[in-house]
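Enquirer: Below: one structure in structure tokens.
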Amino acid sequence: MKHLKALLILVAVVALAACKGDGAPNVDWTLSVTGDVATPLSLTYRELTEMPETDLTDILMEKSLGEDEVTSWSGVALETVLAQADAGSFSTLIAIAADGYAIEISAEEAQNGIVALKRDGEWIPRVAEEENMGPIRLVTPETPANRWVFQLQELQVKQ
């Protein structure tokens with residue numbers, strides 16, 4: 001009986017360690033910030049979930065295919081991530097997805113952007129429509145949705 005109690009406690013501790021109090025999924029993912037920065041960095045998914053959250057509500061997703069839709073996103077402000085890398089002012093960012101897709105985004109387009117972790121209040125890895133588009137996504141409300149990079153893996157900063 002004593003061993004069973006110890007085993008149950010161990011299982012509870014492991015379960016609590018696997019998810020934060022806010023229910024963030026346990027995801028193996030890293031976002032790198034490279035290029036013209038003073039402090040290149042790699043942020044794990046867990047570290048991103050622990051950073052201050054920014055909400056973008058009622059954002060028009062202008063799609064190149066299908067109907068446009070209005071969605072809400074939550075995540076880490078792009079300026080917070082870039083400040084942690086000591087990026088300073090920059091002219092462009094190159095956002096690179098896991099499959100190698102890359103897009104150049106001007107500083108102006110990046111305004112109000114976030115590294116999205118949630119769509120409409122749900123963690124992206126748990127949203128059926130986002131199944132192959134997570135676990136993080138670059139959402140830049142100043143650009144059409146076809147410029148929002150999903151499966152974001154790297155941000156290259158260019159001065």
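The values are calculated or read from the model by the stated rules, or taken from the named source; none is laboratory data. Predicted, not measured: the structure shown is a model, and the values here were computed from it. Neighbour counts run over all protein chains shown; Cβ positions are idealised from the backbone, glycine included.
Enquirer: Can you report the number of residues in the stretch 51-75 which are among the β-branched types (Val, Ile, Thr) and touching a residue at least 40 places away in the same chain (Cβ under 8 Å)?
Expert: Here the count works out to 3.
Enquirer: Here's something else I'd like to know. Restricting the first residue to the stretch 132-159 and requiring it to be over 27 Å from ALA38 (Cβ atoms), which pairs with a second residue that is β-branched (Val, Ile, Thr) and not in a strand (DSSP E or B) meet a Cβ separation below 6 Å and a spacing of at least six or different chains?
Expert: Once the first residue is over 27 Å from ALA38 (Cβ atoms) and sits in the stretch 132-159, its partners that are β-branched (Val, Ile, Thr) and not in a strand (DSSP E or B) give GLY134/ILE124; PRO135/VAL27; PRO135/ILE124.
Enquirer: Would you check if there is a residue in the stretch 119-134 being polar (S, T, N, Q) and surrounded by 21 or more Cβ atoms within 10 Å (Cβ to Cβ)?
Expert: Checked the stretch 119-134: no residue is polar (S, T, N, Q) and surrounded by 21 or more Cβ atoms within 10 Å (Cβ to Cβ).
Enquirer: Quick check, is THR140 under 16 Å from TYR45 (Cα atoms), of a type in the set (Ser, Thr, Tyr) and under 14 Å from the mean Cα position of the chain (by Cα)?
Expert: No, not satisfied.
Enquirer: Moving on. I'm told SER106 meets every condition in (1) of a type in the set (Ser, Thr, Tyr); (2) under 24 Å from PRO52 (Cβ atoms); (3) modelled with pLDDT of 95 or more except one. Can you identify the failing condition by its number?
Expert: (2)
Enquirer: Something else about it: Suppose the filter is loosely packed, with under 14 Cβ neighbours inside 10 Å, at pLDDT below 90, in a loop (DSSP other than H, G, I, E, B) and in contact with an Asp or Glu (Cβ under 7 Å, 6 or more places away or on another chain); does GLU142 pass it?
Expert: Yes.
Enquirer: Here's another thing I want to ask about it. Would you tally the residues in the stretch 88-133 being touching a Leu at 6+ places or on another chain (Cβ under 9 Å) and part of a loop (DSSP other than H, G, I, E, B)?
Expert: Qualifying residue count, the stretch 88-133: 6.
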